[in-house]
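The values are calculated or read from the model by the stated rules, or taken from the named source; none is laboratory data. Computed from a predicted structure; not experimentally measured. Positions of Cβ are backbone-derived with ideal geometry, glycine not excepted, and every protein chain shown enters the neighbour counts. For accessibility, only protein heavy atoms count, side chains too; no ligands or nucleic acids. Shrake-Rupley method; radii C 1.70, N 1.55, O 1.52, S 1.80 Å.
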Amino acid sequence: MRIHLLGCGTPYSTAERFGSSYVVQVGAEYLMFDCGPSTTSKLVQSGLRPTWVDYLFFTHHHFDHDVDYPCFLLSRWNESIGKENELQVFGPTLTEQLTHRLLDEHDGAFAHDWIARINHPLSLNAHTSRGGTLPRKPPIVRAKDVGPGSVFSGSSWEVTAAPAKHVQPWLDSLAYRLDTEDGSVVVTGDTAPCDTVIELARDVDILISLCVGVQEDFDGTAEAEYMSGSTAVAGVAQAAGAKKLVLVHQAHWLDVPGQTERALRDITRIYDGEVVWGRELMAFDA
Ligand SMILES: [Zn+2]
C-alpha cells in the first residue's frame, strides 16, 4: 500500500497548499479521496495517471474538496481508449447530482466538450492514434450518493464511512476508512472532533487528519465547533489508538516556522504515535 498526498491545504490558495486530495494504491488499484483544486495536475506530478484511478470518494462538496472533479473526469475519459474500467464515484448527497450536472448530454456543463470530441475528426484522430477504437464512446461514470456504513468492497479492500461533523445541514460530510490486507487508513475530511470519527479510526494504521491550526488560537470560535486544531486532532488520534497520524489541511498561516512547531508541540504532548507533517506531493509506503 502506498499513499500519495496531492492536496494538503484549505480553500485559501497558496503555492504550497490548496485544497484536499489523496490517493491510496492498493496492489494494482488506485483509490482517490477528494478531488480539490489542481488534483489532476498534482496526480500527474506524482507520477500517476488519471486513467489509473478507478474509485473516487468525496468527503463533502465544499470546493476545496471537489472543484477539480470536472477536470479529472474529462482528462480520464479523454485519455481512455475504451479498455479502462468505468470510474466509480461515491460521496454524500449531491455526488450524483454534481456528476449529472457536469456530464449529462442535455444538462451537463461540459457536455459540449465530449460531444465535440466524439464527433469531430480532429478528436477522433487523436483518439485512434492513442489506440482507441471508433465509434468513440461518451464518458460513463457510476456515481452514487452514500451514507455511513459499508460503501464498497474491492478485490482486497473495503471502504467504510462514518458521519463527520462539519457544516450540516448545508452539506453532508463523511469520514472514510480503507481496510486492506496490508493495513488500514482513515481519511477524516473536514470535521470537529467527534465520537463517530474516533470509532471509525479505532486502531487504524494511518490516520490522515485535518489540522487547521493551533487549537488555542481558535478555541471559543466557530472554527473549534466545526473543524479541528492541534489538540483536538491529537485527542482523536490518541483516543482511537491510531498508529500514525498524518496531518493535512493546514491553514496557510500554520505552515510557517514557529507556528508549525507550536502545533506539533501540542500534538506530541497528547498523542504518542508517529506524527507526519503532510505536504503536497509527499508519498510514502504503508
Ligand atoms: Zn476543506
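For segment 171-206, give me the residue count where each residue is assigned to a helix (DSSP H, G or I), in contact with a Ser or Thr (Cβ under 8 Å, 6 or more places away or on another chain) and among the charged types (D, E, K, R).
0
Checking residue 47 against (1) open to solvent by 10 Å² or more (accessible area, probe 1.4 Å); (2) on the phi < 0 side of the Ramachandran plot; (3) in a loop (DSSP other than H, G, I, E, B), which single condition isn't satisfied?
(2)
From the residues in segment 28-44 that are away from the ligand (no atom under 16 Å from the Cβ) and touching a Pro at 6+ places or on another chain (Cβ under 9 Å), which one is most open to solvent (accessible area, probe 1.4 Å)?
Selected residue: 44.
For segment 50-64, enumerate the residues that are away from the ligand (no atom under 11 Å from the Cβ), open to solvent by less than 10 Å² (accessible area, probe 1.4 Å) and either of a type outside the set (A, V, I, L, M) or in contact with a Cys (Cβ under 9 Å, 6 or more places away or on another chain) (or both).
50, 56, 57, 58
In segment 225-238, what residues are in contact with a strand residue (DSSP E or B) (Cβ under 8 Å, 6 or more places away or on another chain) and either within 18 Å of residue 260 (Cα to Cα) or at pLDDT 95 or above (or both)?
227, 228, 232, 233, 234, 236, 237
Could you tell me whether any residue of segment 100-122 is in contact with a strand residue (DSSP E or B) (Cβ under 9 Å, 6 or more places away or on another chain) and open to solvent by less than 60 Å² (accessible area, probe 1.4 Å)?
yes
Across segment 66-93, what is the number of residues that are more than 19 Å from residue 160 (Cα to Cα) and either within 16 Å of the ligand (Cβ to nearest atom) or not aromatic (Phe, Trp, Tyr) (or both)?
19
Residue 151 passes all but one of (1) in contact with a Pro (Cβ under 6 Å, 6 or more places away or on another chain); (2) away from the ligand (no atom under 16 Å from the Cβ); (3) of a type outside the set (S, T, N, Q); which number fails?
Against the list (1) in contact with a Pro (Cβ under 6 Å, 6 or more places away or on another chain); (2) away from the ligand (no atom under 16 Å from the Cβ); (3) of a type outside the set (S, T, N, Q), residue 151 comes up short only on (1).
Take segment 247-286 and flag every residue that is in contact (Cβ under 8 Å) with a residue 60 or more places away in the chain, more than 16 Å from the ligand (Cβ to nearest atom) and open to solvent by less than 70 Å² (accessible area, probe 1.4 Å).
282, 283, 284, 286
Let me spell it out: the conditions are (1) within 16 Å of the ligand (Cβ to nearest atom); (2) part of a strand (DSSP E or B); (3) open to solvent by 20 Å² or more (accessible area, probe 1.4 Å), and residue 25 meets all of them except one. Which number is the exception?
Checking residue 25 against (1) within 16 Å of the ligand (Cβ to nearest atom); (2) part of a strand (DSSP E or B); (3) open to solvent by 20 Å² or more (accessible area, probe 1.4 Å), the one that fails is (1).
Report, by residue number, each residue of segment 207-244 that is under 20 Å from the mean Cα position of the chain (by Cα) and outside any loop (DSSP other than H, G, I, E, B).
The answer is 207, 208, 209, 210, 226, 233, 236, 237, 244.
Among the residues of segment 162-181, are any open to solvent by 20 Å² or more (accessible area, probe 1.4 Å), over 21 Å from residue 27 (Cα atoms) and of a type in the set (Lys, Arg)?
So far as segment 162-181 goes, yes, one or more of its residues are open to solvent by 20 Å² or more (accessible area, probe 1.4 Å), over 21 Å from residue 27 (Cα atoms) and of a type in the set (Lys, Arg).
I'd like to know if segment 210-225 contains one or more residues that are within 16 Å of the ligand (Cβ to nearest atom), within 18 Å of residue 58 (Cβ to Cβ) and open to solvent by less than 10 Å² (accessible area, probe 1.4 Å).
Within segment 210-225, one or more residues are within 16 Å of the ligand (Cβ to nearest atom), within 18 Å of residue 58 (Cβ to Cβ) and open to solvent by less than 10 Å² (accessible area, probe 1.4 Å).
State the number of residues belonging to segment 65-91 that are within 17 Å of residue 21 (Cα to Cα) and open to solvent by 40 Å² or more (accessible area, probe 1.4 Å).
First, pick out the residues of segment 65-91 that are within 17 Å of residue 21 (Cα to Cα): 65-73, 75-76, 87-91.
Subsequent filtering for residues that are open to solvent by 40 Å² or more (accessible area, probe 1.4 Å) retains 67, 71.
The qualifying residues number 2.
State all residues of segment 241-271 that are in contact with a strand residue (DSSP E or B) (Cβ under 7 Å, 6 or more places away or on another chain) and among the hydrophobic types (A, V, I, L, M, F, W, C); if no residue qualifies, say none.
Across segment 241-271, the qualifying residues are 242, 245, 246, 247, 248, 264, 267.
For every residue, the table says whether it meets (1) within 15 Å of the chain's Cα centre (by Cα); (2) closer than 27 Å to residue 13 by Cβ.
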| residue | (1), (2) |
| --- | --- |
| 27 | no, no |
| 47 | no, yes |
| 56 | yes, yes |
| 61 | yes, yes |
| 64 | yes, yes |
| 68 | yes, yes |
